[in-house]
Every structure is written in structure tokens, then in C-alpha cells.
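Asker: Let me give you the structure first, and then I'll get to my questions.
The values are calculated or read from the model by the stated rules, or taken from the named source; none is laboratory data. If you're wondering where the values come from, they're calculated on a predicted model, not measured in any experiment. Positions of Cβ are backbone-derived with ideal geometry, glycine not excepted, and every protein chain shown enters the neighbour counts. Accessible surface areas use protein heavy atoms only, side chains included; no ligands, DNA or RNA. Shrake-Rupley method; radii C 1.70, N 1.55, O 1.52, S 1.80 Å.
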Amino acid sequence: MDADRMYTFSSRPRAVENRSKYREPPADQRDVKCHYGNIMYDPRVVRGNTYAKKVIPIKTQPDLVEIQRQEAMRRKAMARKREREQYRLRTPEPVQGRMHIDIQTDRYLEELSDIVVTADIQCQTDPFLDRPATPLFIPAKSGKDVSTQIEEGELFDFDSEVQPILEVLVGKTIEQSLLEVMEEEELACLRAQQRAFEVLRNAELAELQRLEERERRHTEEKERRLAQQREALQKERETAEKIAARAYSQQFLANLVPTVFTSLKNHGYIYDPVERDVETNFLPWLMDGVHNILERRNVARELLDNIIHDVIQKRPEFSKNPDPHPPES
């Protein structure tokens, strides 16, 4: 609906129900109390405390499923309300030294009071009149009274009127028989054509199966030949690779033995026992002996040098005070 146009509602016209001027009579005139003849039996009259909780009779109490459904709807409504409260824009927190208070923001001021203003209102309906007794229903007469007069000769005469009926019956029977015979012949012709078609179709199916079988055998033979050709090419390639690998191995291993022996000999894995004994036992012993001899010689030289140095240091003293018997020290 466009925003420019105003929304209007109109219902279909209907006739106004005629309100009866009389009150409906009770089902049993003897039981007047059941139809509120007495105001004491009228349930529309409130008795007792009107602020008390209304007790629902057992027959009108809702069942457990209805109560659970209402409880679920109430929980969903509360959840939606909490969600709206959560996402609603709130007033920021007050700064230090201030606080939020509730104020009147409506356009018109309203006086707040603990006393609720109440008013008593009553109305009186139009009184109902006693309805008179309903008269006995007698339907009105409708239609016209007519009669039929049968004269002589108007009824069926068998002797004079049976012949055309028999002709019609016999003619229809013969025609129906001819139609059935023609239908049987046509059905027989259709069956013969169907059998001939089935024979032809079976022959074509057999020929088709033979051709398919031949094509399948050709395909299998072709795949087998291709597989054999691929296998032969694979074997030829493997043979060529083996020959190349063998030639490369022979070329690589031609100088491998001398190289390996030379490398092992250089790293000391292959050695002469006598030479190894000389290197590991004799030469260390000889070197230790030479080292000891040289060390003793060095010690003797150092001792001789010290003696010579002491003599040179003490020689001026002997020259100044020659004493054949020096004091013992």
C-alpha cells in the first residue's frame, strides 16, 4: 500500500438480523429456576468478594499440554523482552558526583496519587416480553389437481405392435454379431502382424547381439594386442636400461678396486704388520728413550751452567780474600 493513500476498510453489505421482540420460552415451564426466573439463580449476578481470585471449575480448567504451551510462550516472550532490553540503547553512566533520577517527560503532566480514582457505572437492558404460544404449522397447498383418462385402444396391443419391436431386436442382434465377428477377424490379423513383428524383432535382436559380440571380441583383441605391445616396449626399455646400467657399472668399477685399496691403505685399514709394530711399539719406545737421554743431557748442561755461573760470581771474592780453607756453610 502506498504511503500517500489512507488505509480504508469496507466489508460486504449484509442484512441486519431481526431481533425478536419476545423472549424465548423455557424448555420446561415447570423448571423456572434453570432459566434464571429467580435472580438468586442468575450466574450473571456477582456474589461475595469481587477481589477474590476466580476459581475455574474442573471441567473448564485447561489440560496439562495447554498449560505447558502457555508456559513455553511466556518464556519465549520473556526471552525476547530480555533480548530487546539487552540491545536497547541505554543512558550512559553518570559522571562522578552526579546521579540519574526519574523525571516527567510526557507532554501533559499527570498527578501521581496513591488513591485510585474509581467510578460506578451501570446500565439497564430492554426488558423481554413473554412470547406467545407458537401456532400449529400447517403447510400451504401447492400445485394443481389433474387426472388422466385412458380411452380404449390407447394401451399396448401385442399382436399389432410386437412385429416392429422384434425386427428392431433381431436387427440389432445381427448387427452386433457382425461387429463382433469383424472385431475378431481384425484382432486375429493384428495378432498375426504382431507375431511377424516379434519374429522380425527377434531376428534383428539376434543379429544385433552377434554384432555386439563381434565388436566386443575385436575390442578385447585390440586391448590385448596393445597390452602385449606395451609390455614388449616396457621389457625392451628395461633391457636397454639394464645394459646401460651394466656398462656404466663396469666402467665405474674398472678403477674401483685399486682406488679402494689405495684409499684403505692411506687411511690405515690395510697395513704391514712389521711396519705397524715398528710404528706403534718400537718408535714410541725409541722416542721415549731419546727424550729421556736428551732431558738428562739438558739437566746436566743446566747444572754445569749454574756451577760455572756461581764460580764466575764468586771469583772476585776469592781474588780479594784468598783463603785456602773457606768456611763451611
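Asker: Would you please name the residue that is modelled with the highest pLDDT, looking only at residues in region 50-95 that are closer than 30 Å to Cys123 by Cα and open to solvent by 100 Å² or more (accessible area, probe 1.4 Å)? I'd like the intermediate steps shown before the answer.
Answerer: Applying the first criterion (closer than 30 Å to Cys123 by Cα) to region 50-95 yields 50-57, 60.
When the remaining residues are screened for being open to solvent by 100 Å² or more (accessible area, probe 1.4 Å), the result is 51, 53-55.
Values: Tyr51: 63, Lys53: 54, Lys54: 56, Val55: 55.
This residue is Tyr51.
Asker: If you check Val181 against the conditions, is it of a type in the set (Val, Ile, Thr) and assigned to a helix (DSSP H, G or I)?
Answerer: Values: of a type in the set (Val, Ile, Thr): yes; assigned to a helix (DSSP H, G or I): yes.
When the stated conditions are applied, Val181 passes them.
Asker: Can you pull out the residues in region 254-271 that are surrounded by 10 or more Cβ atoms within 10 Å (Cβ to Cβ) and not polar (S, T, N, Q)?
Answerer: Of everything in region 254-271, those that are surrounded by 10 or more Cβ atoms within 10 Å (Cβ to Cβ) and not polar (S, T, N, Q) turn out to be Ala254, Leu256, Val260, Phe261, Leu264, Lys265, Tyr269, Ile270, Tyr271.
Asker: Would you confirm whether or not region 155-164 contains a residue that is of a type in the set (Ser, Thr, Tyr) and not in a loop (DSSP other than H, G, I, E, B)?
Answerer: Yes, that holds for at least one residue.
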